[in-house]
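The values are calculated or read from the model by the stated rules, or taken from the named source; none is laboratory data. Every value quoted in this text rests on a predicted model; they were computed, and no experiment measured them. Cβ atoms come from the backbone with ideal geometry, glycine included; neighbour counts cover every protein chain shown. Heavy atoms of the whole protein, side chains included, go into the accessibility calculation; ligands, DNA and RNA do not. Shrake-Rupley method; radii C 1.70, N 1.55, O 1.52, S 1.80 Å.
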Amino acid sequence: TAFFLTLAFRTADRGPRSLLGQLDSLAADADTSSEDGIAALCADTALLLLRRKQEWLYCCGEAKDHGRDEAALERFDRLAIREAAKFDDRDSSATVDAALAAAGVAAPAGGPPTAAVVCAVGCLAGDREAALGGADFAGSATGMQTALEELAAARAEDALAFELFWVPGDDSEALEMEEVVLDWPQLMPC
């Protein structure tokens, strides 16, 4: 089953206990060279997002069984590449913060308040679609919660692949909600 989960947040804090700080820490500490490491990153990410459920503003997702694990991995690859292109395409020179810096106005210490988007793309062995009550769940906090619980509970041998993306990645960058709507039009209030 290929999972594609996207959440949008508003965050005022950029410190180590903030959502963005915790994502940075998860990524820095991840060992994706092993089956256990991929499963740990998958579970830790899902738990982090579940613990921040009260902060979810927008969400969308899908979990689709593709019959064979190889087909699900192919779908995972396409989803991960598509999402990576969105994140890699961001031009930090076109941000509000870059304009403020060019005008000589400093951003607050630790970075300005910002919208944040987190995307988790995963692939679990077997058919998990039925447990979610459907494949697509745009705007459904219940569907998102169930999908994250599936990822969090997956055994190491069942976590075939996992990618984690988030923006903004730089402390000086701020993401406006208008940018979120343009880049992730499938997000719905949850």
Within segment 161-185, which residues are open to solvent by 60 Å² or more (accessible area, probe 1.4 Å) and not in a helix (DSSP H, G or I)? Glu163, Asp170, Asp171, Ser172, Glu176, Pro185
Residues (surrounded by 17 or more Cβ atoms within 10 Å (Cβ to Cβ) and either assigned to a loop (DSSP other than H, G, I, E, B) or free of Cβ contacts under 8 Å to residues at least 40 places away in the same chain (or both)) located in segment 1-31: Thr1, Arg14, Ser18, Gln22, Ala30
Within segment 120-146, track down each residue that is open to solvent by less than 30 Å² (accessible area, probe 1.4 Å), outside any loop (DSSP other than H, G, I, E, B) and under 15 Å from Met188 (Cβ atoms). Ala141, Gly143, Met144
Looking at Arg82, is it closer than 23 Å to Ala131 by Cβ, open to solvent by 20 Å² or more (accessible area, probe 1.4 Å) and at pLDDT below 95? no
Checking the structure you have, find out if any residue of segment 95-112 is in contact with a strand residue (DSSP E or B) (Cβ under 9 Å, 6 or more places away or on another chain), loosely packed, with under 15 Cβ neighbours inside 10 Å and either modelled with pLDDT of 85 or more or not charged (D, E, K, R) (or both). no
Suppose we filter segment 33-57 for residues that are touching an Asp or Glu at 6+ places or on another chain (Cβ under 9 Å) and either open to solvent by 30 Å² or more (accessible area, probe 1.4 Å) or touching a residue at least 12 places away in the same chain (Cβ under 8 Å) (or both); how many remain? 8
In segment 58-75, what residues are open to solvent by less than 20 Å² (accessible area, probe 1.4 Å) and in contact with a His (Cβ under 7 Å, 6 or more places away or on another chain)? Ala72
Restricting to segment 32-69, and then to whatever is modelled with pLDDT under 95 and assigned to a helix (DSSP H, G or I), can you tell me which residue is nearest to Asp136 (Cα to Cα)? Asp69
Quickly run through segment 142-158 and pick out the residues that are of a type in the set (A, V, I, L, M) and more than 15 Å from the chain's Cα centre (by Cα). Ala153, Ala154, Ala156
Among the residues listed as Phe87, Phe76, the single one being modelled with pLDDT of 95 or more and either assigned to a helix (DSSP H, G or I) or of a type in the set (A, V, I, L, M) (or both): Phe76
Pick from Glu150, Glu173: which is modelled with pLDDT under 95, under 23 Å from Ala130 (Cα atoms), charged (D, E, K, R) and touching a strand residue (DSSP E or B) at 6+ places or on another chain (Cβ under 9 Å)? Glu150
